[in-house]
1. Can you pull out every residue in the range 139-155 that is at pLDDT below 95 and either within 16 Å of the ligand (Cβ to nearest atom) or among the small types (Gly, Ala, Ser) (or both)?
2. Only one of Val114, Val79, Val36 is more than 16 Å from the ligand (Cβ to nearest atom), surrounded by 14 or more Cβ atoms within 10 Å (Cβ to Cβ) and within 30 Å of Arg7 (Cβ to Cβ). Can you tell me which?
3. Among the residues of the range 121-138, is there at least one that is of a type in the set (Phe, Trp, Tyr), away from the ligand (no atom under 14 Å from the Cβ) and within 14 Å of the chain's Cα centre (by Cα)?
4. Report, by residue number, each residue of the range 139-156 that is among the β-branched types (Val, Ile, Thr) and under 22 Å from the mean Cα position of the chain (by Cα).
Amino acid sequence: MNGEIERNPHLTPEVMVKVDELIDHYRNRQVNLIPVLEECQDIVGYLPVELQEYIGRGLNIPGSTVYGVVTFYSYFSMVPKGRHVIKVCMGTACYVRGIGEVLNRIKSLYKLEVGSTTEDMRFSLEAVRCLGACGLAPVIVIDSDTHGGISPDQISEILSRYE
Ligand code: FES
């Protein structure tokens, strides 16, 4: 399995030093996996299966248990995220105000599917439930910026601000 770690270009020795520090910090404790995985995802950017196995071995937890937690929470990602994450609200208010057209425009502009990342790692696209800003519908959030009342024709200009 260490071979798989070495073959993953995102799991560099520098990254793995931080992962090992994290595992050492939680070793021999009553471990709540969620904060460990959150911190690990902050370090690496995502949680590939080989890393889940590695964490499991370090903490003496079956890899299948780690996998179960990662796949249960949508917050965790098993694929690399882009530099910017676009969250498109698919809640009812946004839906009736035309978020579908906005989403289609993003998909076609960047040849991007929901749950995927552009080849240049610039954008990842996620469809999410109500973002709690229904008064601004239709809404997308890019990183931590909320953009409300948007139309498909504005998308290109908005996204051009995010390199
Ligand atoms: S439905 Fe989109 S913010 Fe609530």
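1. Within the range 139-155, just Ser144 meets the criteria.
2. Within the list Val114, Val79, Val36, the selection yields Val36.
3. yes
4. Val139, Ile140, Val141, Ile142, Thr146, Ile155
The values are calculated or read from the model by the stated rules, or taken from the named source; none is laboratory data. Since the model is a prediction, treat every value here as computed from it, not as a measurement. When we count neighbours, we look across all protein chains shown, and the Cβ atoms used for this are built from the backbone with ideal geometry, even at glycine.
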